[in-house]
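Student: First the structure, which I've put down as structure tokens, then a few questions once you've had a look.
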There are 2 protein chains.
Amino acid sequence: MNVRAEMKRSGARASDKTPAAKPQTGAESLLGTLVGAGVEVCFTNPGTSEMHFVTALDTVPQMRGILTLFEGVASGAADGYGRMTGKPASTLLHLGPGLGNAIANFHNARKARTPIVNIVGEHATTHLAYDAPLTADIEAIARPVSRWVRTSQSTGTVAHDAAEAVAAASSLSGGIATLIVPADISWDPSTGPAAPIAPVPPRRVEAAIVDGVARALKGARKAAILGRGPALHGVGLETLGRIAAKTGAVLFGDTFAPRMERGAGRPVVQRMPYFAEDAAAALAVFDVLVIVGTAPPVSFFAYPGKPSFLAAPGCAIHTLASPDEDVVAALTDLADALGAPRKAGKAGRYELAVPGMPTGSLDQAKVGTIVARLLPEGAIVSDECITSGAFTNEVGASAAPHDILWISGGSIGIGLPLATGTAVACPDRKCLCLEGDGSGMYTLQALWTQARERLDVVTVIFANRSYKILHVELGRVGVTARERAGRVLDMDDPMLDWVKMSEGMGVPARRVDTAEDFADVLKAALAQKGPFLIEAVIP
Amino acid sequence: MNVRAEMKRSGARASDKTPAAKPQTGAESLLGTLVGAGVEVCFTNPGTSEMHFVTALDTVPQMRGILTLFEGVASGAADGYGRMTGKPASTLLHLGPGLGNAIANFHNARKARTPIVNIVGEHATTHLAYDAPLTADIEAIARPVSRWVRTSQSTGTVAHDAAEAVAAASSLSGGIATLIVPADISWDPSTGPAAPIAPVPPRRVEAAIVDGVARALKGARKAAILGRGPALHGVGLETLGRIAAKTGAVLFGDTFAPRMERGAGRPVVQRMPYFAEDAAAALAVFDVLVIVGTAPPVSFFAYPGKPSFLAAPGCAIHTLASPDEDVVAALTDLADALGAPRKAGKAGRYELAVPGMPTGSLDQAKVGTIVARLLPEGAIVSDECITSGAFTNEVGASAAPHDILWISGGSIGIGLPLATGTAVACPDRKCLCLEGDGSGMYTLQALWTQARERLDVVTVIFANRSYKILHVELGRVGVTARERAGRVLDMDDPMLDWVKMSEGMGVPARRVDTAEDFADVLKAALAQKGPFLIEAVIP
């Protein structure tokens, strides 16, 4: 994710700050530094050790504080925000356990390379020796998901630490910077905010590499290009389309790309199939595979007796740009080296083409078709419907142009928080969350934040009342589940009532089980502003 | 927690196993080892890498698999189970992110020293090199909450690893042992289960230490004894009562003790106050403080300009037994050294004494009184109602005898899962969960598991529509929140509807706002078997 442009633009706001009448607290200097560096949103679930940060929201009004009722909502929302804006949101979490609750969605954000500034409160430095109940090794908990971890040592350095955290989050392709702030460093007087620090830009790909890839594409019998990150939206995607038009290369995007623009008018980019044998089959015909902003494709899980690596034996793999290299510049250089026309034609682009409106009892395919028919132009789709992928994998690509965001790290429970974050990032675009009933349960608290912030998110729950993917995977790993095993895979006893749960958190909701009802309710939900949930009952 | 007796008893069950017709998988040998060592319950939220463990539930029927819809429910339930039985439950989690979701309640279990065998599935060993989306450093995520971490290296050793995990979880005072099992080690053929390994017993306290404490108690002007762990229930508590009767020492329990027996007939043990100044005031009169199974008292959080250490200056602190020493034996030796009568009298014990039934509009004090009046003998109370502590801190001690379980590590979101685990552990006892509306939201998915397993839990939600404790703490750290800061502390927009959320997960529920209604509904809920939720609306 290229964040430099946004950071530079936002950095100018540092001068908006008015001088404080009395010495700022450490927390105020921290907040002032964040907003000065362009960080304007804080998804939080605070506790006592964060109270000075919280009250600093009153004196640093450029920071929007958004309360979540569970930390996994905060981390997932920050991920969604970062994916859409290219710049970091902050999270404010309470000690080791609060951070622990955020880990699963931070794992997704880490794999998505989303810039996030993660502030974690810590006990006062004087209090740590006593091993009070909440004492934990916060740095150790943070490290597996963070590219940068620091515990502030004084009020004199906390503002500079914050500036470094923003720079670390925004450097190269983006990542999570965790700054741990002891309570006394938040409450003691400070010397005020620090100036923004320039992030390290993505590395430029050498001309020799670009030329090598150009030669490989020209010499290929049949070539494919697999992209991720900036290759799948904006200038990157358009350039990829120009390269495909020039060379005839077939375009793929990673199965769980963080963000992909697609739909009518966009270059045709196939999503790499989830199942290993499907992916291997899709790749079997190519003798050249170019990798842009990702790694060569591997299966999501291993299966007994099946290979993990998916490219065909003998296929030549060329990496144009690794994720920490400048993907857009490399694609531009490659297009130039190939002599691809600046202005792309209509060939190799999706056309608006959606099947007719379905009728009768609902299934996941009909839900997909109806979503594709009704999707507003410019919508942002957070997709975590797992086995209910008709929109995602079939009809969605030729719907109206939209962004689609996937579960980049495979950690379930991202869909609702991600949609929450995209709605904060892009208040003028309709957000749609396609969510499984199993995966939705991990972070259902996101609905409350959507209601509180009046976020424009329509959630569709695919209610099949089981971990259906696990039933599929059972067969794939070569076993069967009888009664006792099946009991830890099904969710039909008791049935979840998503309408009640949603209304319980302030989001109006409806249950539907026919195509006609689903279309009517979805149309109405899309026509209004604000959150709404539809429980689509499917087999 | 002394787990040896239970482990020895359960170990005999290893002989129940019938020889397998075909070679067992690694997962079957693992499960066989667990049940052979007395581990009979598995709280799980599994994924593809755990499918062989799941299907082994069909061939190893002694293990009860209990599905949770969020991993923090599994870890909290295992904690509740272990606190009540003294022996480990197992948890089965999916890779690093699944473990991440369990961390916050594992933090509580770690501080409670609850024995838990935590099994985490990992990618197949051959798959790890490819950095697939779900790949993470599982050992690093596990270490901050685990006393023992191992990744199984082969099907030849996985059963022995499991035996060692049970022993590690059950050694000394108890703790979390994390065994990480790659998928191929689960699915490959094994040589069958391993024999149980004896855990390391808690260390015996030396006679000289006991004699020193006896002398200190005899010579004290005014002595107090602060206990935790086995000192607060069973033989430990009775012995503590005999020591108090003999010496006149005042008894305290840790504010967030994992488990305490109290109520009519039990020795009077005051709960150490939560706020530092109240605790310091309670301790100010003592010249001798004896510590049993815990550490000297410190404040929960630090506050500007206030000390963390709570005992009076000049108070002599004597540690009778650290948590990893044999607390019950040390207390017995101390009682003998003091010549305390074997048979305790009625003095120094709680008598049944609860105020009259309140009427009119509800508040937290009235809820507390009504709970105290209606509490069935032998109930197990999971307490996470934070600022609504009338039952907990005032009227509960002189209610019918019961167990009360606290938030040992201060990590919010334990109450509902803990109650779930106690109900699995003790199906013949009524379980009551006193839960804040804020804290309940972190792990509300526990309600579904209660409904699925028909667990006998009555949940009372104290609905004050804010993080009230944080409003209290704001003043204590010396700041005030204006509108923008207050907005991340209140939950009144939108209002949570706990009745709908509970019904949405299959647990019948009622909302009440008068004392009369609360009494009626609670009485009816206690009279039936199975889960029920009451939303008590309070100011």
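Student: Just give me the residues in the range A:7-47 being within 28 Å of A:Phe70 (Cβ to Cβ) and either modelled with pLDDT under 50 or of a type in the set (D, E, K, R) (or both), in sequence order. Let's see the steps before the verdict.
Tutor: Taking the range A:7-47 as the starting set, the residues that turn out to be within 28 Å of A:Phe70 (Cβ to Cβ) are A:25-28, A:30-31, A:33-35, A:37-47.
Selection gives A:Glu28, A:Glu40.
Student: Given the condition more than 21 Å from the chain's Cα centre (by Cα), open to solvent by less than 10 Å² (accessible area, probe 1.4 Å), more than 7 Å from every other protein chain (Cβ to nearest Cβ) and not polar (S, T, N, Q), answer yes or no: does some residue in the range B:437-453 qualify?
Tutor: no
Student: Would you say A:Val479 is open to solvent by 10 Å² or more (accessible area, probe 1.4 Å) and either more than 20 Å from the chain's Cα centre (by Cα) or more than 8 Å from every other protein chain (Cβ to nearest Cβ) (or both)? Spell out how you get there, then give the answer.
Tutor: Numbers: open to solvent by 10 Å² or more (accessible area, probe 1.4 Å): yes; either more than 20 Å from the chain's Cα centre (by Cα) or more than 8 Å from every other protein chain (Cβ to nearest Cβ) (or both): yes.
In short, yes.
Student: Then there's this: Tell me which of these B:Glu384 doesn't satisfy, since it passes every other one: (1) surrounded by fewer than 24 Cβ atoms within 10 Å (Cβ to Cβ); (2) of a type in the set (Asp, Glu); (3) within 14 Å of chain A (Cβ to nearest Cβ).
Tutor: In the conditions (1) surrounded by fewer than 24 Cβ atoms within 10 Å (Cβ to Cβ); (2) of a type in the set (Asp, Glu); (3) within 14 Å of chain A (Cβ to nearest Cβ), B:Glu384 misses (1) alone.
Student: Restricting attention to the range A:105-128, report how many residues are away from chain B (no Cβ under 12 Å), crowded, with 24+ Cβ neighbours inside 10 Å and not β-branched (Val, Ile, Thr).
Tutor: Within the range A:105-128, the first condition is being away from chain B (no Cβ under 12 Å), and the residues that meet it are A:113-120.
Checking which are crowded, with 24+ Cβ neighbours inside 10 Å leaves us with A:114-120.
Now drop any that are not not β-branched (Val, Ile, Thr), which leaves A:115, A:118.
Matching residues across the range A:105-128 total 2.
Student: Tell me the residue from A:Ala519, A:Ala515, A:Ala536 that is in contact (Cβ under 8 Å) with a residue 60 or more places away in the chain, in contact with a Phe, Trp or Tyr (Cβ under 8 Å, 6 or more places away or on another chain) and either within 14 Å of another protein chain (Cβ to nearest Cβ) or under 23 Å from A:Ala379 (Cβ atoms) (or both), please.
Tutor: Values: A:Ala519 fails: in contact with a Phe, Trp or Tyr (Cβ under 8 Å, 6 or more places away or on another chain); A:Ala515 fails: in contact with a Phe, Trp or Tyr (Cβ under 8 Å, 6 or more places away or on another chain).
A:Ala536 is the lone residue from the list that is in contact (Cβ under 8 Å) with a residue 60 or more places away in the chain, in contact with a Phe, Trp or Tyr (Cβ under 8 Å, 6 or more places away or on another chain) and either within 14 Å of another protein chain (Cβ to nearest Cβ) or under 23 Å from A:Ala379 (Cβ atoms) (or both).
Student: Does the range A:25-33 contain any residue that is surrounded by fewer than 24 Cβ atoms within 10 Å (Cβ to Cβ), away from chain B (no Cβ under 13 Å), of a type in the set (A, V, I, L, M, F, W, C) and more than 24 Å from the chain's Cα centre (by Cα)?
Tutor: no
Student: Would you tally the residues in the range A:251-275 being open to solvent by 10 Å² or more (accessible area, probe 1.4 Å) and either of a type in the set (Gly, Ala, Ser) or over 30 Å from A:Arg429 (Cα atoms) (or both)?
Tutor: Of the residues in the range A:251-275, 3 are open to solvent by 10 Å² or more (accessible area, probe 1.4 Å) and either of a type in the set (Gly, Ala, Ser) or over 30 Å from A:Arg429 (Cα atoms) (or both).
Student: I would also like to ask the following. Take B:Val181 and decide whether it is outside any helix (DSSP H, G or I), among the hydrophobic types (A, V, I, L, M, F, W, C) and buried (at least 24 other Cβ atoms within 10 Å of the Cβ).
Tutor: On the way: outside any helix (DSSP H, G or I): yes; among the hydrophobic types (A, V, I, L, M, F, W, C): yes; buried (at least 24 other Cβ atoms within 10 Å of the Cβ): yes.
Yes; evaluated as a whole, the condition is true for this residue.
Student: Ok, one more. Being more than 21 Å from B:Phe275 (Cβ to Cβ), surrounded by fewer than 24 Cβ atoms within 10 Å (Cβ to Cβ) and hydrophobic (A, V, I, L, M, F, W, C) is the filter here, so list the residues in the range B:390-423 that pass it.
Tutor: If the condition is that a residue be more than 21 Å from B:Phe275 (Cβ to Cβ), surrounded by fewer than 24 Cβ atoms within 10 Å (Cβ to Cβ) and hydrophobic (A, V, I, L, M, F, W, C), then B:Ala400 is the only one that fits.
Student: Sticking with this one: Name the residue that is surrounded by the fewest Cβ atoms within 10 Å (Cβ to Cβ), counting only residues in the range A:490-508 that are of a type outside the set (D, E, K, R) and without any contact (Cβ under 8 Å) to a residue 24 or more places away in the chain.
Tutor: Applying the first criterion (of a type outside the set (D, E, K, R)) to the range A:490-508 yields A:491, A:494-496, A:498-499, A:501-502, A:504-508.
Now restrict to residues that are without any contact (Cβ under 8 Å) to a residue 24 or more places away in the chain: A:494, A:504.
Numbers: A:Pro494: 17, A:Gly504: 27.
For the range A:490-508, the residue satisfying everything is A:Pro494.
Student: Mind checking which residues of the range A:395-435 are over 19 Å from A:Gln445 (Cα atoms), aliphatic (A, V, I, L, M) and part of a loop (DSSP other than H, G, I, E, B)?
Tutor: Matches in the range A:395-435: A:Ala399, A:Ala400.
Student: If you take the residues of the range A:129-149 that are in contact (Cβ under 8 Å) with a residue 12 or more places away in the chain and among the small types (Gly, Ala, Ser), which of them is nearest to the other protein chains (Cβ to nearest Cβ)?
Tutor: In this case the residue turns out to be A:Ala136.
Student: Taking the conditions exactly as written (within 26 Å of A:Val395 (Cβ to Cβ), among the charged types (D, E, K, R) and part of a strand (DSSP E or B)), does A:Glu277 satisfy them or not? Full working, then the answer.
Tutor: Working: within 26 Å of A:Val395 (Cβ to Cβ): yes; among the charged types (D, E, K, R): yes; part of a strand (DSSP E or B): no.
Judged against the criteria, A:Glu277 is not a match.
Student: Failed condition for B:Pro115, given (1) free of Cβ contacts under 8 Å to residues at least 40 places away in the same chain; (2) out of contact with any Cys (no Cβ under 9 Å at 6 or more places or on another chain); (3) not charged (D, E, K, R), with all others met?
Tutor: (1)
Student: Examine the range B:467-488 for a residue that is of a type in the set (S, T, N, Q) and in contact (Cβ under 8 Å) with a residue 24 or more places away in the chain, and state whether such a residue exists.
Tutor: Kept after step one, since they are of a type in the set (S, T, N, Q), are these residues of the range B:467-488: B:480.
If we keep only those that are in contact (Cβ under 8 Å) with a residue 24 or more places away in the chain too, we end up with none.
Within the range B:467-488 (the criterion being of a type in the set (S, T, N, Q) and in contact (Cβ under 8 Å) with a residue 24 or more places away in the chain), the answer is no, since none of the residues qualifies.
Student: What number of residues in the range A:283-311 are away from chain B (no Cβ under 14 Å) and open to solvent by less than 20 Å² (accessible area, probe 1.4 Å)?
Tutor: As a first pass, look at the range A:283-311 and keep what is away from chain B (no Cβ under 14 Å): A:283-290, A:292-293.
Going one step further and asking which of them are open to solvent by less than 20 Å² (accessible area, probe 1.4 Å), we end up with A:283, A:286, A:288-290, A:292-293.
Matching residues across the range A:283-311 total 7.
Student: Turning to a different aspect of this structure: Looking at B:Gly47, B:Gly82, B:Gly65, B:Gly121, which is the one that is closer than 21 Å to A:Leu444 by Cα and small (Gly, Ala, Ser)? Break it down into steps so the answer makes sense when it comes.
Tutor: Values: B:Gly82 fails: closer than 21 Å to A:Leu444 by Cα; B:Gly65 fails: closer than 21 Å to A:Leu444 by Cα; B:Gly121 fails: closer than 21 Å to A:Leu444 by Cα.
Residue meeting the stated conditions: B:Gly47.
Student: Pairs under 8 Å by beta carbon, first residue over 11 Å from B:Asp326 (Cα atoms) in the range B:188-207, partner basic (Lys, Arg), six or more apart or different chains?
Tutor: Pairs found: B:Pro193/B:Lys17; B:Ala198/B:Arg4; B:Pro199/B:Arg4.
Student: Right, something else. At pLDDT 95 or above and more than 17 Å from B:Val371 (Cβ to Cβ): which single residue out of B:Leu444, B:Leu474, B:Leu533, B:Leu526 fits that description? Reasoning before the result, please.
Tutor: Values: B:Leu474 fails: at pLDDT 95 or above; B:Leu533 fails: more than 17 Å from B:Val371 (Cβ to Cβ); B:Leu526 fails: more than 17 Å from B:Val371 (Cβ to Cβ).
Of B:Leu444, B:Leu474, B:Leu533, B:Leu526, the one residue that is at pLDDT 95 or above and more than 17 Å from B:Val371 (Cβ to Cβ) is B:Leu444.
Student: Could you list, ordered by first residue, the pairs with Cβ atoms under 7 Å in which the first is in the range A:157-180 and over 20 Å from A:Gly76 (Cβ atoms) and touching a residue at least 24 places away in the same chain (Cβ under 8 Å) and the second is open to solvent by 10 Å² or more (accessible area, probe 1.4 Å) and among the hydroxyl-bearing types (Ser, Thr, Tyr), at least 6 apart or interchain?
Tutor: Within 7 Å, the pairs are A:Val158/A:Ser190; A:Ala159/A:Ser190; A:Ile180/A:Thr151.
Student: Oh, and also: If a residue has to be buried (at least 22 other Cβ atoms within 10 Å of the Cβ) and hydrophobic (A, V, I, L, M, F, W, C) to count, how many in the range A:522-531 make the cut? Let's see the steps before the verdict.
Tutor: Going through the range A:522-531, the residues buried (at least 22 other Cβ atoms within 10 Å of the Cβ) turn out to be A:522, A:525, A:531.
Those left that are additionally hydrophobic (A, V, I, L, M, F, W, C): A:522, A:525.
Residues meeting the conditions: 2.
Student: Checking the conditions here, which among B:Thr91, B:Thr68, B:Thr55, B:Thr85 is surrounded by 24 or more Cβ atoms within 10 Å (Cβ to Cβ) and away from every other protein chain (no Cβ under 11 Å)? Reasoning before the result, please.
Tutor: Values: B:Thr68 fails: away from every other protein chain (no Cβ under 11 Å); B:Thr55 fails: away from every other protein chain (no Cβ under 11 Å); B:Thr85 fails: surrounded by 24 or more Cβ atoms within 10 Å (Cβ to Cβ).
When all the criteria are applied, what remains is B:Thr91.
Student: Still on this model: Within the range A:241-262, identify whether any single residue is more than 25 Å from A:Pro201 (Cα to Cα) and within 14 Å of chain B (Cβ to nearest Cβ), and answer yes or no.
Tutor: yes
Yes or no, residue by residue, for (1) under 19 Å from the mean Cα position of the chain (by Cα); (2) farther than 21 Å from A:Pro196 by Cβ; (3) among the hydrophobic types (A, V, I, L, M, F, W, C); (4) assigned to a helix (DSSP H, G or I):
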| residue | (1), (2), (3), (4) |
| --- | --- |
| A:Lys87 | yes, no, no, no |
| A:Pro97 | no, yes, no, yes |
| A:Pro133 | no, yes, no, no |
| A:Arg143 | no, yes, no, yes |
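Student: Residue under question is B:Asp326, and the condition is that it be open to solvent by 10 Å² or more (accessible area, probe 1.4 Å), touching a Pro at 6+ places or on another chain (Cβ under 6 Å) and not β-branched (Val, Ile, Thr); does it hold? Step through it out loud before you land on a result.
Tutor: On the way: open to solvent by 10 Å² or more (accessible area, probe 1.4 Å): yes; touching a Pro at 6+ places or on another chain (Cβ under 6 Å): yes; not β-branched (Val, Ile, Thr): yes.
Considered against the rule, which asks whether it is open to solvent by 10 Å² or more (accessible area, probe 1.4 Å), touching a Pro at 6+ places or on another chain (Cβ under 6 Å) and not β-branched (Val, Ile, Thr), B:Asp326 comes out as yes.
Student: Now, a different point. Being touching a helix residue (DSSP H, G or I) at 6+ places or on another chain (Cβ under 7 Å) and closer than 20 Å to A:Pro115 by Cβ is the requirement here; does A:Ala214 meet it? Give the steps one after another, and end with the answer.
Tutor: Working: touching a helix residue (DSSP H, G or I) at 6+ places or on another chain (Cβ under 7 Å): yes; closer than 20 Å to A:Pro115 by Cβ: no.
Criteria not met by A:Ala214.
The values are calculated or read from the model by the stated rules, or taken from the named source; none is laboratory data. The shown structure was predicted, so the numbers you read here are calculated from the model rather than taken from an experiment. Cβ: placed from backbone, ideal geometry, glycine included. Neighbour counts: every protein chain shown. The accessibility values were calculated without ligands, DNA or RNA, using every heavy atom of the protein model including side chains. Shrake-Rupley method; radii C 1.70, N 1.55, O 1.52, S 1.80 Å.
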